[in-house]
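What follows is a short report on a single structure.
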Amino acid sequence: MHQTIDSNHEIRILRIQHGKDGDPLECMLFPSALELGNNQKSHSEHQKWPYTALSYWWGDPDEVAGNRITIYKDTGARGVRQTLTGFNQSGTFFIRDNLNAALLRFRHATEDVNVWVDAICINQDDKTEKSSQVARMHEVYTQAESVCVWLGEGNDDTELTFEFLKRILDLQALDDLVANPEETAESWALVLQLITNHWFSRRWVIQELALARKAYVRCGSMDLSWKDFADSIALFMTKYEEIRRSILDHASLVCRDPESIILKTTDARALGANVVVHATVNLFRKSHEGRIEQRLLPLEILVSSLLVAFETTEPRDTIFAVLTLANDSELSSSNPSATRDARISPDYEKCLLDVYADFIDYCIQQSQSLDILCRYWAAVQKQSKAEALKKGTSEVDTLPSWIPLIRHSAFGEPRYIVEGGANEDGFVGCPERKGQQIYNASAGSRAWHKFGVHDLKEGKLREGFTFRMNKHSRPSTSTGHSRPAALIAPKSEPNTLAEDSALKEETSSRMPKYNGSLFLRGFCLDIISQVSSRVGGGIIPSEALEMAGWGPKYKPQTVPDKLWRTLVADRGPDGKNAPPWYTRACWECLQYQDRRGDLDIPELMENLKNPSTRITFLKRVQSIVWKRRFFETKGASHKSLFGLGSPAIKNGDLVCILFGCSVPVVLRKDHERKYYQIIGECYVYGMMDGEAIAGKAPAWPYDQLEYSTFELR
């Protein structure tokens, strides 16, 4: 069905044959040349044809692909209307509802329409082609006449929502809309529901929009230019907190849809729509004609910080989907002689462990820092219910602990963002703060790292470490789809994703490079001896306060230094030193301990009589302690340490300083197998700014006897 193309210089275009409402979908695939940059001549023997690129959500993994489309062989005719017959029929695809609805909306009654649709135009069964086509996404979207953002068929409120978006663009009217919640509460709720559409959670949308010369948003029969849509959302976000408060005061007006509860729980910072709008403006400097003149951000920032609000069906696309956006990737350059780094080049034949290990290796080499290990960005292969039952395990079970999974990020997996914060905020700063990290626990030391790799001929690791086979050593069994292959099914009958995946499942075509071990150097500060209960729901347990020395002996207006500084991680929300008035605010809040001695942060924040400065302090505390555990160490060789760690810490865990990491980490030793797991970053009072290394002179590669080599798995 897919005729061979030169995947480095050509794409396939899907021609939707004209038809009336109710007619079956009939299409043709044909090749089209891609233009090369710097006035280079295309190597394709085909002409370049105009097309619209479709950007859309592919649907739930368990959805049945039950909509038939007929694909015809290429007749060679291009600029004329064609009537096709069964004699040149090439095959049949079954597609999901959302893509089917989009193609039906695109179809014209009398004219054929050219579109580019990833799931159909790329041969999903050819890994080489997929890797090549992903590398050409820059050209695919910049050379499209337009990009259509398809938000689905919509509902009875879609027209009202789009009309309200247009009203927001009138700045004078905007103030009036915000000031009259009785009249506009329901409309604001509709806007929020629109921007929590599944499309805004897709990782590919940043690239698809950022690279487009012209884009528009369509939902059912309604459409709006991307510029107007983005401006209306950006304006909405500037008023979000004010809108949120006023709407909650008029909750009874918001309420045809129970999903309006998201107004209470959703943090606007995390919404994909908010990130999309800002990213498409701030990723590049563009010419007046819309050409990209300069890319502004490196790959590490895009993957580990800016774009964590977005998900992918194929976890390798966590990295591959943003390569053309990064200023340090050869895919972002139109220069054919640009340096190619195999570690970050799209390659869907690599197992997931190799893709992630190569990316981490690249980031550590670029930054000389281990902080990438403390930012939660890595996705795993999603499984349908049928697949999960069949396999019994997920890919999470086979990934080593040093790969930081996105489910541990502040808002958890992208699909759960609208439900509010899932985990604590991270201690490491954003990578864009290079040279001015929030903390400096390892005193600015240069990172030392080595990966364990397979060497089957020698039976050893290449770096001189003994080779051990482990559960990470077997080849990956996950298939690599450059774009979601499960959207389509070239079969004679409808199928579910689970059935399609089972048919296509295959082992990796090459042996994994890495065996799951990562070797780092540093030293142990102390061993955890006491752990508090988890700060569930933002309630700080009394035992944590007592561990920090709080009690009735303290005089008015005084709080143990290690308590208030640990509650805010010794910093303000901007990453700068904690303001001195925090200690006064802390003392005032501690006067509201309940009968059990616990401190209920959310309850205090909802008290309308609280002064705004106290609320500011409580917000900072909540972002730091949320779901974490307080701990104390043994103090074998010095006084015990007090700190705050992940909910997974327990007695016997090691608090360590790793060279090249800006914060301490908690490691857990497997005494039988002699390796360590990384449990997570932590805050240790009095050890965040290089105090543990003061007076020492650790020299890279840190092979002095006083330092340890930790094998992490």
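Suppose R0 equals 60 Å; then what is the FRET efficiency for residue 113 and residue 610 from their Cβ-Cβ distance, rounded to the nearest 0.05? List each step's numbers first, then the result.
On the way: r = 58 Å, r/R0 = 0.97.
So the FRET efficiency works out to roughly 0.55.
Mind listing which trypsin sites (Lys or Arg not before Pro) in the range 1-73 are in a DSSP loop and have 15 or fewer other Cβ atoms within 10 Å? Walk me through the numbers on the way to the answer.
Values: sites: 12, 15, 20, 41, 48, 68, 73; in loops: 20, 41, 48, 73.
Of the trypsin sites (Lys or Arg not before Pro), the ones in loops of the range 1-73 whose Cβ has at most 15 other Cβ atoms within 10 Å are 20, 41, 48.
List the aspartates and glutamates whose Cα lies under 16 Å from the Cα of residue 73, skipping any in the same chain that are fewer than 8 positions away.
Answer for residue 73, where 16 Å is the Cα cut-off: 26, 112, listed by chain and number.
Cβ under 14 Å from residue 609's Cβ, residue 609 left aside: what net charge do those residues give with Lys, Arg +1 and Asp, Glu -1? Don't skip to the answer; put the middle values down first.
Working: positive: 614; negative: 588, 603, 606.
Overall, the nearby charge balance is -2.
Report the label-to-label distance for residue 533 and residue 241 in nanometres (one decimal), using points 7 Å from each Cα along the Cα→Cβ vector.
3.2
Say R0 is 41 Å: what FRET efficiency, to the nearest 0.05, do residue 60 and residue 697 get from their beta-carbon distance? Walk me through the numbers on the way to the answer.
Values: r = 57 Å, r/R0 = 1.39.
After rounding, the FRET efficiency stands at 0.10.
State, to one decimal in nm², a quarter of the convex hull surface area for the C-alpha atoms of the range 182-247, i.e. the direction-averaged projected area. Write down the numbers at each step before the final one.
Numbers: hull surface 21.0 nm².
The Cα convex hull of the range 182-247, projected and averaged over all directions, gives 5.3 nm².
Based solely on C-alpha atoms, express the radius of gyration and the Dmax of the range 565-653 in angstrom.
Spelled out, the Cα radius of gyration and Dmax of the range 565-653 are 14.6, 48 Å.
Provide Rg and Dmax in Å for the range 581-713, with only Cα atoms included in the calculation.
18.7, 58
Which aspartates and glutamates have a Cα less than 17 Å from the Cα of residue 127, not counting those fewer than 8 places away in the same chain?
Of all the aspartates and glutamates, those that pass the test against residue 127 - Cα under 17 Å, at least 8 places apart if same chain - are 6, 10, 118, 314, 317, 347, 349, 354, 500, 505, 506.
Using bins 10 angstrom wide from zero, how does P(r) for the range 516-588 break down, in % of all Cα pairs?
Per 10 Å bin, starting at zero, the Cα-Cα P(r) for the range 516-588 comes out as 15, 37, 31, 13, 4, 0 percent.
If you add up the charges near residue 345, with Lys and Arg at +1 and Asp and Glu at -1, over every other residue whose beta carbon is less than 10 angstrom from its beta carbon, what do you get? Each step should come with its number before you reach the end.
Values: positive: 340, 343, 350; negative: 330, 341, 347, 358.
Result for the local shell: -1.
Distance check, please: which entries in 513/650; 450/674; 20/130; 627/650; 239/562; 20/166 exceed 26 angstrom between their Cα atoms? Could you put the intermediate results ahead of the total?
Values: 513/650 33 Å; 450/674 17 Å; 20/130 34 Å; 627/650 14 Å; 239/562 37 Å; 20/166 31 Å.
Those over the limit are 513/650; 20/130; 239/562; 20/166.
We did not get these values from a lab; they are worked out from the coordinates using the rules stated. Model, not experiment: these values are computed from the prediction. Please note: Cβ atoms are built from the backbone with ideal geometry, for glycine as well, and neighbour counts cover all protein chains shown.
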